[in-house]
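Taking it in order: structure first as structure tokens, then the write-up.
Derivation of every value follows stated rules applied to the coordinates shown; laboratory data play no part. Keep in mind that this is a model prediction, so the values were computed, not measured. In this analysis, Cβ positions are derived from the backbone assuming ideal geometry, glycine residues included, and neighbour counts consider all displayed protein chains.
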Amino acid sequence: MIEMRLQVADLAETSFAVSPLQETVFSLWVWRAPGRQAFHLPWRRASAAAWGRCDVEMLDALVSPRRWVPDFLTPRPATPLTEFAAELAIVRATPAQRVADGLLATYDGAPVPAVLRGHPDAVLSRIVAALAGYWQACLEPWWPRIRAVLEADIVYRSRQLALGGARALFADLDWRVRWRDGVLYIDRLPGLDYVIDIDGRGLPLVPSLFCRGAITYISADEPPLITYPARGRATVWESADAASDAALVELLGAPRARLLMLLDRPASTTELAHRLAVSPSAVSQHLRVLRSAGLLGKARSGRSMLYLRSPLGDQLVGARPPQHVVRPSGGDGAPEVAQLAGDRVLAELDRARVRAGNDDADVLAAGRTEGAAVYGGVGRGTGGLGNDAGEVP
């Protein structure tokens, strides 16, 4: 059990960061034990040829039999959005003694592979070269998609922190993390026990696609940091279209219906384009129309603009019934929320048509005509928007 003791001032210094080097190092777990995170298999298959051209002997040795990796390979991010080259430069400057100690601690009594038993300076030089080649071959081509998921997670966590405070944030971070009376408890691995005081050093929270649970450094001498599994990581390699309700397709058209269904969590234009196998420019046009209709909200995270369904968008896809509607309409049992949501959609489409340019106005006008047909029978038992489809995790 690891304990991190925070004062009130330390909570104010809790922050989020994205680390491309950390993702590069932690992705080595997928090559060592692919079955433990089967949703990464599409990426593993797509990268297999590139992996074969890397320094596989060295990269494989960086993961111990306990699946630990050396602390010095994942330096604490200095800024919220770090660059791979800057992080690798920090690793390259690691003192020889720290390299030797870090490798011994990683293997924790198990035999250290021969490739890691040379002079620490020579070993470090080969490690840096191996990681640089691996990043370029296997991670960098996918980085826009990976970064979009990580930044979307940060938007979600920041909202939790703002609305519910530290207790709400840490309660949802991962099952390995517990918050009680100013102390964070992290159940990492049996036999790894220490206590550290944050003591004004700040606590970066770093989302990852490749860790299965919240983790921190092996050594208590390292600066405070928690890495945790990002939300939506299981969908990062998906390219299939989301299923869309037939009525939603009639109202918005198939491309916009698919987009609206996907945006149950924040996502960038680039991520959506990857998942739908279309160009970013096409996605951007559809997002603009959906936002004009009041069905989406957006927020900036670093260099990315992230989009998320608005409350009206949630109602339209049936993901979340309005809280103020508590009784069914008389007679046939169809929920009043269906008629209410249908009326609101048509009103929003009308307002959007006025605000939009000529191209979008034609599309929205057609959408309103189709929408009237779709929702005209809601009160006669079609059910439509009154169904609670549930939220996608």
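Couple of notes before you dig in:
- Calculated from backbone phi, Karplus (6.51, -1.76, 1.60) coupling profile of the range 154-163 in Hz, x at Gly/Pro: 5, 4, 5, 5, 4, 5, 4, 5, 5, 8
- For residue 14, the residues 5 or more places off, or on other chains, whose built amide H falls under 5 Å of its own are 203.
- Each label was represented as a point 7 Å from its Cα along the Cα-to-Cβ direction; for residue 250 and residue 171 these points are 4.2 nm apart.
- The range 44-122 versus the range 270-286: alpha-carbon centroid distance in Å: 35
- Nearest-0.05 FRET efficiency for residue 108 and residue 1, computed from C-beta distance (R0 22 Å): 0.80
- Using the Cβ-Cβ distance between residue 117 and residue 199 with R0 set to 30 Å, the FRET efficiency works out to roughly 0.25.
- Each label was represented as a point 7 Å from its Cα along the Cα-to-Cβ direction; for residue 221 and residue 15 these points are 2.5 nm apart.
- For the range 2-233, the relative contact order comes to 34 percent (Cα pairs under 8 Å, sequence separation of at least 6).
- Full extension of the chain segment joining residue 90 with residue 51 gains 11.6 nm, where the gain is 0.36 nm per residue of separation less the Cα-Cα distance.
- Pairwise centroid distance, computed over Cα atoms, of the range 205-225 with the range 130-201, Å: 7
- Theoretical FRET efficiency, 1/(1+(r/R0)^6), r = Cβ-Cβ of residue 181 and residue 36, R0 45 Å, to 0.05: 0.85
- Each Lys or Arg adds one and each Asp or Glu subtracts one; over the other residues with Cβ under 13 Å from the Cβ of residue 266, this totals +4.
- Counting charges near residue 171 (Lys, Arg +1; Asp, Glu -1) among other residues having Cβ under 15 Å from its Cβ returns a value of +3.
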